[in-house]
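Notes follow once the structure below has been shown.
The values are calculated or read from the model by the stated rules, or taken from the named source; none is laboratory data. Everything numeric in this text was worked out from a predicted model, so none of it was measured. Neighbour counts are summed over all protein chains in view; Cβ atoms, including those assigned to glycine, are modelled from backbone coordinates with ideal geometry.
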Amino acid sequence: MWTFFHKLGSPKWFYEISGKWLPWLAVLSAILLVAGSVWALAFAPADYQQGNSFRIIYIHVPAAFLAQSCFIMMAISGAIGLIWKMKIADVFVKAAAPIGASFTFLALLTGAIWGKPTWGTWWIWDARLTSMLILLFLYFGVMALQSAIEDATTAAKASAILALVGMVNIPIIKYSVEWWNTLHQPATFTLTEKPAMPAEMWVPLLVMVIGYYCFFTTVLFLRARNEILERERRTNWVKKLVSKEAA
Amino acid sequence: MNPKRKQRLILVLFLVIGFSSVVALVLSALNENINLFYNPTQIANGEAPEGARIRAGGMVLEGSIKRDESSLLVIFEVTDYNASIPVAFTGILPDLFREGQGIVAMGRMDGDGIFQADEVLAKHDENYMPPEVTDALEKAGKLPDGQDAIKTDAVK
């Protein structure tokens, strides 16, 4: 198990293995996202109260899941980078931040679009919406640190600390709807109870969620590979790789 | 694990736990202010600041909606099935507003104990259902747990 862990720390090894996985991941996410969207938009039944406007859930919920999962991943990578000084962990933190920010923005945007007809307002400063906005700013913070600090090791250290400190926001987002009175409704899906939604509605949602995770992994790998090539450009294996591509 | 890594691990744990407890303390101190709205019981018990602009949230009491014939004035009662307060609102209500629906109203209590609202938002719950299912359930006289009070008027 530990050899696997240490192998994972090698940028070269990751570059090779991710290259093999990428096409599969890309195809899988394309299939899932297309199938999920068609199913969700054309075949899933409308909601009894909201009608068709509820369908935005198929974008909103997976985006919100991803926004939080991505931050957790970033914080764990940050901790690994701080403790074990693994180069690849730093690469992941840097590669993940803009993707996470995009998903957070997507969740906020779709929430606002849905909120206007359903609640009667685009935005309200309730605990869920505000903590989600803070998450977006945390992502921006990591991105700003990465571009403001020239030295990669220092930048990685600073953003890892921000990611770890920002982790405290994740349970706040999750439980905000239970701890406080909010306008945002509590979770429809929990691990312990059956969903407050019939199967013909949540199965396409599940497809979309898995599709989003595959898409996230694909984009993360692409960005991480790019970053690795840039950081390792002086090593032999990258030089060899580049000359082979050029030839 | 070598001592150097162990030391860094402890440092990281210390950072995360320390910061989390700071945030937890701040949040519990601010608990009241983070709540978006007061429920009718809290208002009835005088927990809400008097005369200040506050939000009140709860269910629209069944059979309590009265519309003014000549204006957009609507008077209804907001309840948590424990206490209820009358709310007056002039304006256009959100689509989801109906009896048994959760709402959040912004405004202040006037001298007569009526909540003068200048904004009413509908609060959607976490339950989703296709319309055929609710029709069928209604015909059978059975709705999922905790919804029977709400949906009978809402479905039509």
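Just to check your reading of the model, which residue among B:F37, B:F97, B:F19 is within 13 Å of chain A (Cβ to nearest Cβ), at pLDDT 90 or above and surrounded by 11 or more Cβ atoms within 10 Å (Cβ to Cβ)?
Unique residue meeting the criteria: B:F19.
Just for region B:106-125: of the residues that are hydrophobic (A, V, I, L, M, F, W, C) and within 14 Å of chain A (Cβ to nearest Cβ), which one is surrounded by the fewest Cβ atoms within 10 Å (Cβ to Cβ)?
Only one residue tops the list, namely B:M106.
Step by step: first the residues of region A:215-247, then only those that are in a loop (DSSP other than H, G, I, E, B) and exposed (fewer than 12 other Cβ atoms within 10 Å of the Cβ), then the one that is nearest to the chain's Cα centre (by Cα). Which residue is that?
A:R233
Quick check: is even one residue across region B:46-60 at pLDDT 85 or above, outside any loop (DSSP other than H, G, I, E, B), touching a His at 6+ places or on another chain (Cβ under 9 Å) and within 21 Å of A:W125 (Cβ to Cβ)?
So far as region B:46-60 goes, no, none of its residues is at pLDDT 85 or above, outside any loop (DSSP other than H, G, I, E, B), touching a His at 6+ places or on another chain (Cβ under 9 Å) and within 21 Å of A:W125 (Cβ to Cβ).
One residue is enough: does region A:92-103 have a residue meeting the conditions over 15 Å from A:A75 (Cβ atoms) and over 12 Å from the mean Cα position of the chain (by Cα)?
No: zero hits.
Please find, among A:L108, A:L138, the residue that is within 14 Å of chain B (Cβ to nearest Cβ) and at pLDDT 95 or above.
A:L138
Taking region A:151-202 as the region of interest, how many residues are at pLDDT 90 or above, away from every other protein chain (no Cβ under 11 Å) and not in a helix (DSSP H, G or I)?
1
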